[in-house]
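Structure first, then comments.
The values are calculated or read from the model by the stated rules, or taken from the named source; none is laboratory data. On a predicted model such as this, the values are computed, not experimentally measured, just so you know. Please note: Cβ atoms are built from the backbone with ideal geometry, for glycine as well, and neighbour counts cover all protein chains shown. With ligands, DNA and RNA removed, areas are computed over all heavy atoms of the protein, side chains included. Shrake-Rupley method; radii C 1.70, N 1.55, O 1.52, S 1.80 Å.
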Amino acid sequence: MINDFLLYRNSAARSLPQSGEVGGGFGGSLSASYARSDGYSRSREGRLNTGYSGTKAFCQGAYDASGVHVGWHLGLSDRGWGSGTFYATPRWQADEQYEHTTKLFAALQASTSVLRASSSAFNLQTSLYWQQDFDRYEGYHNRPELMPYNYNRCNIYGLKVNGYFDSPLGRTAVGAELRNEDLVSGNLGEPLSQPHHIGGTDRDYTLGIDRTNISAHLEHNVLLRRVTISAGFVAAKSSWSDMNMTVYPGIDISYRVPLTSQPSPLTSLRLFAGWNTSLRLPSFTEMYYRLQGYAADPHLKPEEMQAFELGAQLAAPVVQAKATVFHHRGRNMIDWMMDTSLGDDARWQSVNHTRINATGVEVSSRLSVHNMQFAASYGYIYQDKVAEAGVVSQYAMEYLRHKLVATVQTPVWRRLDARLGVRWQDRVGTYTTFEGETRSYRPYALMDARLSWNAPRYSIYTEVNNLLNNRSYTDFGNVPQPGVWFVVGLTAIYWK
């Protein structure tokens, strides 16, 4: 079960809806989707082990009156999938793993303008939210006698308050959030004083953890004729960590380059630069998972990151392009590591890396000609830290050094569209086979195609992934990858 708490500097001024933007009265929408597959592989005993099925439903509504906007939403996601050998180790070679998750979530939001002074106002938004995540992990699908299922249930409650106001000096945004995460589990956390029954079973949740995270942010935006400056900070603290309230500042600057003597709203060139800092608390899994070759550390430190970026963005009627150079300086980065030289005693251990620095480039472009769209993007990353010989990393030292994606999309007939895409990537890192052999990842390329009929209220589509049936690649760990893969789907939406 993954439950990450990510804090980052954001702009309440840009994200807050304006009260009274929509006409008065009630409105709403409802959407749902279902997908299933038998999977693309079988276990050594001949059973399907990568199939999946999932249902999603989402509804939202709003009420608008003069100066007041109220919105709400409800959602459900229920998914089950065979994870094959994903969590397997050379010591534990299970190839029929399975996981089922159910997520329920709801939120109520309200925004208005208050404290009017002359021609300005303080715009206020509050939101109250709840989310429940239920997870059932099966080491051997439908065979609890071989390994008892792992059950987790996490309830998340939160309250956000955001606001902004305009002045001759620019726009100022402030806000705060209170968030509580309450986990009960069969294998994650500390012993509970009072067990909780697991519905539908004869077992109890005997472990758990509860943490409360608080944060506050302040940001100021200055919009000049050609220059935009946004600076601010987030202050954060968690009841789980012994760290004091810590401040994470950031600043973004952009400059619009004049291309002609008469500026055009359709053509622009923007130069931008930024420096931002952030925090991520370890997930409950990273802190407590200690089964079948995994040994988590409950004393992990939070990750901290400094991110520098410099780039340019061009927008024109026919072409859009963007190029960015970035440098990330990470401290206490969380990872799972395994020393394969230990043989049968090798196990995955959650750790903090002291420092990891990464430098990279991202370039993307899109060309539109006669209703056809051509797009391409490329990303490159270099990290200054590599794993020692025989040591395997799951996250921090395993990353895509090169990734190239190119697509072409064109109308075929009436509402029928076609898209063809190619992607090539080269991953840094190693993985371990069931025989205990450590291998490096190799570059590979895949081709995908899609046909879709797009109507206002529904879409029918078919996709062919890995069109050339490439079976000679490994993308993550010792997990077999599918060959050619067909998908047929229908998406429909009803709204009022």
Inset, instruction - Tell me the strands (runs of 3 or more DSSP E) entirely within segment 415-459 that contain at least 3 residues that are out of contact with any Cys (no Cβ under 7 Å at 6 or more places or on another chain) and under 24 Å from T491 (Cα atoms). - result: 416-428, 444-454
Legend entry - Given (1) free of Cβ contacts under 8 Å to residues at least 40 places away in the same chain; (2) within 12 Å of N352 (Cα to Cα), index of the condition E286 fails: (1)
Legend entry - Residue check, Y395 in contact with a strand residue (DSSP E or B) (Cβ under 8 Å, 6 or more places away or on another chain), modelled with pLDDT under 95 and open to solvent by less than 70 Å² (accessible area, probe 1.4 Å): no
Legend entry - segment 151-168, subset surrounded by fewer than 20 Cβ atoms within 10 Å (Cβ to Cβ) and at pLDDT 95 or above, residue farthest from V234 (Cα to Cα): N155
Legend entry - Considering residues of segment 322-345 that are open to solvent by less than 40 Å² (accessible area, probe 1.4 Å) and within 15 Å of E388 (Cα to Cα) only, the residue modelled with the lowest pLDDT: T340
Legend entry - Sole exception among (1) closer than 25 Å to I214 by Cα; (2) aliphatic (A, V, I, L, M); (3) part of a strand (DSSP E or B) for L269, by number: (1)
Legend entry - Tally of residues being assigned to a strand (DSSP E or B), more than 30 Å from H69 (Cβ to Cβ) and either at pLDDT below 85 or touching a Ser or Thr at 6+ places or on another chain (Cβ under 8 Å) (or both) across segment 84-121: 6
Inset, instruction - Kindly provide the set of residues from segment 424-444 that are open to solvent by 30 Å² or more (accessible area, probe 1.4 Å) and more than 24 Å from the chain's Cα centre (by Cα), ordered by number. - result: F434, E435, G436, E437, T438, R439, S440, R442, P443
Legend entry - Unique residue being in a strand (DSSP E or B), within 30 Å of R91 (Cβ to Cβ) and out of contact with any Asp or Glu (no Cβ under 7 Å at 6 or more places or on another chain) when the list is I356, I334, I381: I356
Inset, instruction - Mind telling me which of the residues R450, R471 ends up being closer than 28 Å to N49 by Cβ and either open to solvent by 70 Å² or more (accessible area, probe 1.4 Å) or in contact with a Pro (Cβ under 6 Å, 6 or more places away or on another chain) (or both)? - result: R471
